[in-house]
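The values are calculated or read from the model by the stated rules, or taken from the named source; none is laboratory data. Owing to the predicted nature of the structure, the values given are computational and were not obtained by experimental measurement. Cβ coordinates were reconstructed from backbone atoms using ideal geometry, including for glycine residues, and neighbour counts include every protein chain displayed. The protein model used for the area step is the full one, side chains on, heavy atoms only, and it has no ligands, DNA or RNA in it. Shrake-Rupley method; radii C 1.70, N 1.55, O 1.52, S 1.80 Å.
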Amino acid sequence: MTDLETSGDVFGVHEILEVGLVVFDPLTFEIVDKWQSKTKPERIETAKQAALDYNGYSEEKWMDAVSLKEAMKIYGEKTSDCLFCSYNVSFDWGFINEAFFRFGVTNPMSTFENHDRLDLLSIAWDRGLKNQESFSLKTACKLFDVPPEPDPHSAINGAMTAYELFKELQSK
């Protein structure tokens, strides 16, 4: 399960600021790996202030961040045998795929053999989210009795919350 925090909503213009990843066995749901990384923005001037506020971005908090290229290398290694899954897959996949391409890092989840994506939002939609006023992860968690993402908001907290929602949806 992948969750990203970004500097806005347009990949190629805005940047990934943080990556959260939960790798789990699809049969047992046992967590195999968890990883998070803050990434150094290269074009912070293109950021939307609302996105920075939501993500809690500050130069001080991102002082030890790694380059996005380094983060993508690590992410690629950790996802070598994975199916890409996230809440609102088109958003996260757009940013991830563009970052792999931009830095020339091999994307193990975009090959002839592995090009499938699993969208948690679509699963939740089919199971009743379509009848709600909002389609957010927070709304889906409330609808399916999953604890909401804990504070502070972060990519790893979002990925863990999406993982818990996925487990709940699979049990129904």
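Looking only at residues in the range 83-105 that are within 11 Å of K69 (Cα to Cα) and part of a loop (DSSP other than H, G, I, E, B), the one that is most open to solvent (accessible area, probe 1.4 Å) is G104.
Suppose we filter T28, T46, T2 for residues that are in contact with a helix residue (DSSP H, G or I) (Cβ under 9 Å, 6 or more places away or on another chain) and either at pLDDT below 95 or among the hydroxyl-bearing types (S, T, Y) (or both); which single one remains? So that I can check it myself, show each step before the final result.
On the way: T28 fails: in contact with a helix residue (DSSP H, G or I) (Cβ under 9 Å, 6 or more places away or on another chain); T46 fails: in contact with a helix residue (DSSP H, G or I) (Cβ under 9 Å, 6 or more places away or on another chain).
Checking each option against the conditions leaves just T2.
So which residues in the range 59-82 are open to solvent by 40 Å² or more (accessible area, probe 1.4 Å), among the aliphatic types (A, V, I, L, M) and more than 16 Å from the chain's Cα centre (by Cα)?
Going through the range 59-82, the residues open to solvent by 40 Å² or more (accessible area, probe 1.4 Å) turn out to be 59-61, 63-64, 66-67, 69-70, 73-74, 77-78, 80-81.
Adding the requirement that they be among the aliphatic types (A, V, I, L, M) leaves 63, 66, 74.
M63, V66 - these are the residues of the range 59-82 that are open to solvent by 40 Å² or more (accessible area, probe 1.4 Å), among the aliphatic types (A, V, I, L, M) and more than 16 Å from the chain's Cα centre (by Cα).
Do we find that A99 is at pLDDT 95 or above and farther than 21 Å from D151 by Cβ in this structure? Yes.
Please tell me if I74 is outside any loop (DSSP other than H, G, I, E, B), closer than 21 Å to F166 by Cβ and aliphatic (A, V, I, L, M). I'd like the intermediate steps shown before the answer.
Values: outside any loop (DSSP other than H, G, I, E, B): yes; closer than 21 Å to F166 by Cβ: no; aliphatic (A, V, I, L, M): yes.
For I74, the condition - outside any loop (DSSP other than H, G, I, E, B), closer than 21 Å to F166 by Cβ and aliphatic (A, V, I, L, M) - is not met.
For the range 118-137, name all the residues that are of a type outside the set (S, T, Y), assigned to a helix (DSSP H, G or I) and within 13 Å of L165 (Cβ to Cβ).
L120, L121, I123, A124, W125, L129, L137
What about D116, is it under 25 Å from K40 (Cα atoms) and open to solvent by 50 Å² or more (accessible area, probe 1.4 Å)? The answer is no for D116.
When restricted to residues that are touching a Gly at 6+ places or on another chain (Cβ under 8 Å) and either closer than 26 Å to K61 by Cα or open to solvent by 80 Å² or more (accessible area, probe 1.4 Å) (or both), the range 141-150 contains 1. If we scan the range 151-167, do we find a residue that is over 16 Å from the mean Cα position of the chain (by Cα), surrounded by fewer than 18 Cβ atoms within 10 Å (Cβ to Cβ) and at pLDDT 95 or above? Checked against the condition, which is being over 16 Å from the mean Cα position of the chain (by Cα), surrounded by fewer than 18 Cβ atoms within 10 Å (Cβ to Cβ) and at pLDDT 95 or above, the range 151-167 yields at least one hit.
Tell me, please, whether a residue that is open to solvent by less than 80 Å² (accessible area, probe 1.4 Å), modelled with pLDDT under 95, closer than 17 Å to T2 by Cβ and of a type in the set (S, T, N, Q) can be found in the range 119-140. Talk me through it step by step, then tell me what you get.
Pass one, the range 119-140, residues open to solvent by less than 80 Å² (accessible area, probe 1.4 Å): 119-124, 128-129, 132, 134, 136-137, 139-140.
Now narrow it down to the ones that are modelled with pLDDT under 95: none.
Scanning the range 119-140, I find no residue that is open to solvent by less than 80 Å² (accessible area, probe 1.4 Å), modelled with pLDDT under 95, closer than 17 Å to T2 by Cβ and of a type in the set (S, T, N, Q), so the answer is no.
Number of residues in the range 141-150 that are at positive phi and at pLDDT below 95 equals 0. Collect the residues in the range 30-56 that are open to solvent by 50 Å² or more (accessible area, probe 1.4 Å) and in a loop (DSSP other than H, G, I, E, B), keeping them in residue-number order. Of everything in the range 30-56, those that are open to solvent by 50 Å² or more (accessible area, probe 1.4 Å) and in a loop (DSSP other than H, G, I, E, B) turn out to be E30, K40, E42, R43, K48.
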